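Working notes, beginning with the structure itself.
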Amino acid sequence: MDTSPLGKYDPPIEVTAVRPISEGMEYKSGESLDNNAWSRAYEADLGIKIKYLWTTPDAQYAQKINIAIASDDMPNIAEVNAAQLKRLIEDDQLQDLTSVYEQYASPLTKKILSEDGGNAIKSSTFDGKMYAIPKMGSGIGQSQVLWVRTDWLKKLNLEEPKSMQDVLAIAEAFAKKDPDGNGAADTYGLGINKDLWGFYAGLEGFFNGFHAYPNIWVKDASGKLVYGSVQPEMKQALQKLQEMYASGVLNKEFGTRDASKVNEDANAGKVGMFFGFFWNSGWLQDGKTNNPDMEWKAIEIPSIDGEAAKSQVPFAISTYYTVKKDSAHPEAAVKMLNLALEKIYGETAEPEIYNVDKDGMSAFSYTLLYGEAPRKNLDAMLHIKSALSSNDPSSLNLEEKGYYDNIMKYRGGDTAFWGAEKMYGPEGSLSVLDAFMQKGLTMDNQFFGAPTQTMVDREGTLQKQQVQTFTSIIMGGSIDQFDAFVSTWNKQGGEQMTKEVNDWSQN
């Protein structure tokens, strides 16, 4: 066997796997999960054939993996969450990958998986042994920016918000001063979704403006880890949201509207601001296409006081790739990840085949193992910005050149490529995230271990109570419900979780 990072098995080998299938996953005519650019590359380049024992939609995947774990029926390679990883290790079902990773991971793989300072690898290491390969992603890419309808600002003769007070005043104006000019009171100042959190119209960014950090663990003044959702800074933000709801600045029906419904409202010209991820302009493209005068801009999170707001950054790793104990070729998983990273990001990359192909198919989604450099999109934006200012794209890689070309098409008058300008352009959303990084205005989740026992037992229930309590307060319930929630949270597992998290941080 060729023992190099991209060495080919001869004769070929077969590995068993299972995987979730994302909603909207598409294939070219005649292709399938078993026959596509990636399945062919695994066989041609590595001599690896994947045999899928089963696949299932994303929503059912965790449940099916739980059954496989309970019945000791795991395939050679599977993707699991942190709680499942912990159970597999406790049940002695996994291969120790420490030496396998050290020997077979390519320099590019090792570079990408260590770009977060080592926390990703640390999170998959138990008692000094690496039991899984973290699915690398970008924490900063999951931080929120404030998206604002700048054409409405102009219509109402308002400046871009520089403080949270400005955000509140603008939200009021967007709801009350008929920015769409149709004579009806049908616009909302701030869009929020029914779950309160998440990638589109979530409220993390709003709370961050009040120096509150829901759903992550942060250090208090004494250096102890505390849960952001139960800190006193949350209360002022909840009070403001309650006032906004009472005065009609928020949609009275927000409790029934998920992210996609809020997006429908935004595209229909009913929403003036929301907090969300850098790529949300892609979701706003339909609105821009239907109304070319619609203009959105991403800006930094404003602060309620003189201290700059920090954008919270979740731990980027939510899933891991595991190898079943006593698999004949545990290194095959590492080799497949090496190949994925090389063909998408490496020196011999062919992103037009293996990332997003020329037909617009998301070929990267066919990979069994995948990862993304934490700064990939930020670095792409900086390279594109430089190429735009010098009018010279020759130094861009193929993926970056694609974004550059789309920006040039937009600037040439094709509004179908507006989203690229709003993300990768000089004033795009990625520039805002880069500013957070440059100015040190990020608040990282300080806990990145496997879920503690109390988290496994209680966190789901406590999260549900949190959303119910916060929703009730926003809709006019007593603000004192927050203090009652904090007390309940502590008694029903929060106090024990805090102890466990601090014990972990001491190790």
> Hey, with R₀ at 41 Å, roughly what FRET efficiency would D72 and D186 work out to, going by the Cβ-Cβ distance, to 0.05?
Replying inline: 0.10
>> Students often check this: by mean Cβ neighbours within 10 Å, which of 242-252, 332-342 ranks highest, and how do the rest follow?
In response: 332-342, 242-252
> ³J(HN,Hα) across the stretch 398-408 via Karplus (A = 6.51, B = -1.76, C = 1.60, θ = phi - 60°), whole Hz, x for Gly/Pro?
Replying inline: 4, 5, 4, 5, x, 5, 4, 4, 5, 5, 5
> Convex hull over the Cα atoms of the chain, averaged projected area in nm²?
Replying inline: 24.5
>> List residues of the stretch 29-65, by number, whose backbone nitrogen lies under 14 Å from a label position 7 Å along Cα→C-beta of L398.
In response: 37-38, 41
> Which residues does a label at D166 reach in the stretch 281-305, if reach means a backbone N under 19 Å from a point 7 Å past the Cα toward the Cβ?
Replying inline: 295-305
>> Taking the full set of protein chains and a 1.4 angstrom probe, give the accessible area of E400 in square angstrom, rounded to the nearest 10.
In response: 20
>> Using only Cα atoms and rounding to the nearest 10 degrees, what angle (0 to 90) does helix 164-176 make with the longest principal axis of the chain?
In response: 70
>> Using DSSP to call loops (not H, G, I, E or B), can you name the trypsin sites (Lys or Arg not before Pro) in the stretch 18-62 whose Cβ has at most 11 other Cβ atoms within 10 angstrom?
In response: none
>> How much of the pair distance distribution for the stretch 236-275 lies past 15 Å, counting alpha-carbon pairs only, in percent?
In response: 45
> Going highest first, how would you order 78-85, 11-18 by mean Cβ packing within 10 Å?
Replying inline: 78-85, 11-18
> Taking the simple approach of a point 7 Å from Cα along Cα-to-Cβ for both A62 and I21, what is their distance in nm?
Replying inline: 2.1
> What's the FRET efficiency of Q465 with A83 using the Cβ-Cβ distance as r and R₀ = 25 Å, to the nearest 0.05?
Replying inline: 0.80
> If R0 is 41 Å, what FRET efficiency do you get for T415 and K51 from their C-beta distance, rounded to 0.05?
Replying inline: 0.35
> Can you give the net charge of the other residues whose Cβ lies under 14 Å from the Cβ of K439, counting K and R as +1 and D and E as -1?
Replying inline: -2
>> Using the basic label-point model (7 angstrom from Cα toward the beta carbon), what is the K154 to D91 distance in nanometres?
In response: 5.9
> Expressed as a whole number of Å, what is the distance separating the alpha-carbon centroids of the stretch 156-205 and the stretch 315-360?
Replying inline: 41
>> Using helices alone, I'd like the mean residue ellipticity at 222 nm for the chain: each DSSP H run of four-plus residues gives -39500 (n - 2.57), total over residue count, nearest 500.
In response: -12000 deg cm²/dmol
>> Could you tell me the relative contact order of the chain? Use alpha-carbon pairs under 8 Å, at least six residues apart, and round to a whole percent.
In response: 21
> How far is it, in nm, from the label point at I13 to the one at N490 when both lie 7 Å from their Cα along the line to the Cβ?
Replying inline: 5.4
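The values are calculated or read from the model by the stated rules, or taken from the named source; none is laboratory data. Just so it is clear, the model here is predicted, and its values are computed rather than measured. Don't worry about glycine lacking a Cβ; one is built from the backbone with ideal geometry, like all the others, and counts go over all protein chains shown. Each accessible area value is taken on the protein alone, full model and side chains, heavy atoms only, with ligands, DNA and RNA left out. Shrake-Rupley method; radii C 1.70, N 1.55, O 1.52, S 1.80 Å.
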